[in-house]
Amino acid sequence: MSCAKHQDRLSDYIDGLLSERERLELERHLRECRSCRTICEDLIVICQLSRELPDYEPSPQLWERIAAAIAAETAPSTRVRRFRMRPAFAMAAALMIAVLAGALLRFRPLGPESQEASLPAAAQWNVLSPSLLEIQPTGLILAHKPTIDREIVEQRIEALERHIRQRRPLWDAETEACFRRSLEVVERSLAHCRQELERNPEDAVLRELYFAALKAKLEVLKRFSEL
Amino acid sequence: MRPLRCAEWRVVTTKTADSFTDLELAAQSAAGDVAAFERLYELHRRRVYSLCLRMLGNATDAEDMTQEVFLQVFRKIGTFRGEAAFTTWLHRLVVNQVLMHWRKQGVRLEETTEEGDMSEVARPRPLPMLDRIALEQAIRKLPPGYRLVFLLHDVEGYEHEEIAAMLGCSVGTSKSQLHKARLKLRHLLRGGG
Ligand SMILES: [Zn+2]
């Protein structure tokens, strides 16, 4: 057998993988062939030293990076828990506003004449607002400078609507349904206010209610935009 | 993992963090215990990082890959049932990362260059005094396929059957890659290119 054939078996020989017959045959050749013997000795040295190669230490910051990545990965599941709460919460707020708007519109004296005869708008509002503020789970503050605030709120609503349009395709069916229901309630309330405001443009209470409904819409959008 | 019986459970809870087995730590990690997972990381980070470092050749890439490996471990820890040693399971994930890395870079295992006939019939010249650093440098110069098999067998201590399973190749391929890797190393250490 040629040296090349013997050399092909050197690794299996070193690793103890040759049969008894193969091993004896190779050892006989190694005794006679200095060239193959040198290669065998070299390979043994390489194998021994390789086994003793030390392990290296990664930087101490690596665990922090891994922990942060794990935290980022597990965050969506806490988000899921959060958004199961939030749509319901937002819907409750929207419903409160809508119900109150409806109640106010129903029970307040109708028509510009009767309004003038009744309490000034601010006074009417004061009577109602404590309870409204109480039931605002998000702590909406209804005392404000209406025109400026309304513009800001409307701008924010537009921005959030754009954001939600991008994210909405990724929602699950439950979230989508919840969003629709919440928005429907708020929009109905807004439409109601708008309708009444067309008839009584100067009505301060109506404007407050309209603004409150806008804010309720903002809240709904804000919550769903975080999903 | 089979559920622990009451008596076993008591034994486990009296253990210190250091004496938990990989399997116990894996079960705790799967249940969301990040401290247990950190302990697993502490126990195995050096071996994973060293293999990545020797495969990739630089610390930045090696740390990135180590991070990716441990993230994979975290994601898949629930599937570890203890049939194989944890280190084998872990190294399989490292090998997968390495193979994926090469695939992205267009490196193919089959493309390992044949060194021609490295057998010697001519006058033998013994290996110069061999030190660790020279060996590390030579390992770095091995073609990727040879290097991976060499590291798994001669540095990490895996058997050809295990390597073949990790790489999805035959035992014969693993054996011949290893032998070629050793001969190539010898050639490099004797000053060959
Ligand atoms: Zn010979």
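The values are calculated or read from the model by the stated rules, or taken from the named source; none is laboratory data. Small disclaimer: the values here were computed from a predicted structure and weren't measured. When we count neighbours, we look across all protein chains shown, and the Cβ atoms used for this are built from the backbone with ideal geometry, even at glycine. With ligands, DNA and RNA removed, areas are computed over all heavy atoms of the protein, side chains included. Shrake-Rupley method; radii C 1.70, N 1.55, O 1.52, S 1.80 Å.
Counting just the residues of region A:29-64 that are facing chain B (nearest Cβ under 7 Å) and assigned to a loop (DSSP other than H, G, I, E, B), which one comes out surrounded by the fewest Cβ atoms within 10 Å (Cβ to Cβ)?
Going through region A:29-64, the residues facing chain B (nearest Cβ under 7 Å) turn out to be A:34-35, A:38-39, A:42-43, A:45-47, A:49-51, A:53, A:55-59, A:62-63.
Going one step further and asking which of them are assigned to a loop (DSSP other than H, G, I, E, B), we end up with A:53, A:55-59.
Working: A:LEU53: 17, A:ASP55: 13, A:TYR56: 17, A:GLU57: 11, A:PRO58: 22, A:SER59: 13.
Once the filter is applied, the top-ranked residue is A:GLU57.
When you scan region B:145-153, do you find a residue that is within 17 Å of B:ARG108 (Cβ to Cβ) and either open to solvent by 10 Å² or more (accessible area, probe 1.4 Å) or facing chain A (nearest Cβ under 9 Å) (or both), even just one? Steps first, please.
Here is the first cut: in region B:145-153, the residues within 17 Å of B:ARG108 (Cβ to Cβ) are B:145-149.
Filter again for either open to solvent by 10 Å² or more (accessible area, probe 1.4 Å) or facing chain A (nearest Cβ under 9 Å) (or both), leaving B:147.
Within region B:145-153, one or more residues are within 17 Å of B:ARG108 (Cβ to Cβ) and either open to solvent by 10 Å² or more (accessible area, probe 1.4 Å) or facing chain A (nearest Cβ under 9 Å) (or both).
I need the full set of residues from region B:69-81 which are more than 9 Å from chain A (Cβ to nearest Cβ) and under 16 Å from the mean Cα position of the chain (by Cα), in order please. Quick ask: steps written out before the conclusion?
Of all residues in region B:69-81, those more than 9 Å from chain A (Cβ to nearest Cβ) come to B:69, B:72-73, B:76-81.
Those that are more than 9 Å from chain A (Cβ to nearest Cβ) and under 16 Å from the mean Cα position of the chain (by Cα): B:VAL69, B:GLN72, B:VAL73.
Of all residues in region B:76-98, which are of a type outside the set (S, T, N, Q), open to solvent by 30 Å² or more (accessible area, probe 1.4 Å) and either closer than 16 Å to B:ALA165 by Cβ or assigned to a loop (DSSP other than H, G, I, E, B) (or both)? Spell out how you get there, then give the answer.
Step one: filter region B:76-98 for residues of a type outside the set (S, T, N, Q), giving B:76-78, B:80-86, B:89-95, B:98.
Checking which are open to solvent by 30 Å² or more (accessible area, probe 1.4 Å) leaves us with B:76, B:78, B:81-85, B:89, B:92.
Scanning region B:76-98 gives B:ARG81, B:GLY82, B:GLU83, B:ALA84, B:ALA85, B:TRP89, B:ARG92.
Which one is nearest to B:GLN177 (Cα to Cα) among residues in region A:1-14 that are open to solvent by 40 Å² or more (accessible area, probe 1.4 Å) and either more than 12 Å from the ligand (Cβ to nearest atom) or touching a residue at least 12 places away in the same chain (Cβ under 8 Å) (or both)?
Here the answer is A:ARG9.
Scan region A:29-78 residue by residue and report those that are within 16 Å of the ligand (Cβ to nearest atom) and of a type in the set (Lys, Arg).
If the condition is that a residue be within 16 Å of the ligand (Cβ to nearest atom) and of a type in the set (Lys, Arg), then A:ARG31, A:ARG34, A:ARG37 are the ones that fit.
Residue by residue through region A:159-206, note down the ones that are free of Cβ contacts under 8 Å to residues at least 12 places away in the same chain and not in a helix (DSSP H, G or I).
Matches in region A:159-206: A:ASP172, A:PRO201.
List pairs: first in region A:20-49 and within 26 Å of B:LEU151 (Cα to Cα), second of a type in the set (Ser, Thr, Tyr) and outside any helix (DSSP H, G or I), Cβ under 9 Å, 6+ apart or cross-chain?
Short answer, once both residue conditions are applied: A:CYS36/B:SER119; A:ILE39/B:SER119.
What residue, among those in region B:49-64 that are over 18 Å from B:VAL149 (Cβ atoms) and buried (at least 22 other Cβ atoms within 10 Å of the Cβ), is nearest to the other protein chains (Cβ to nearest Cβ)?
Step one: list which residues in region B:49-64 are over 18 Å from B:VAL149 (Cβ atoms), which gives B:49, B:58-64.
Then drop every residue that is not buried (at least 22 other Cβ atoms within 10 Å of the Cβ), which leaves B:49, B:62.
Numbers: B:TYR49: 4, B:ALA62: 7 Å.
That would be B:TYR49.
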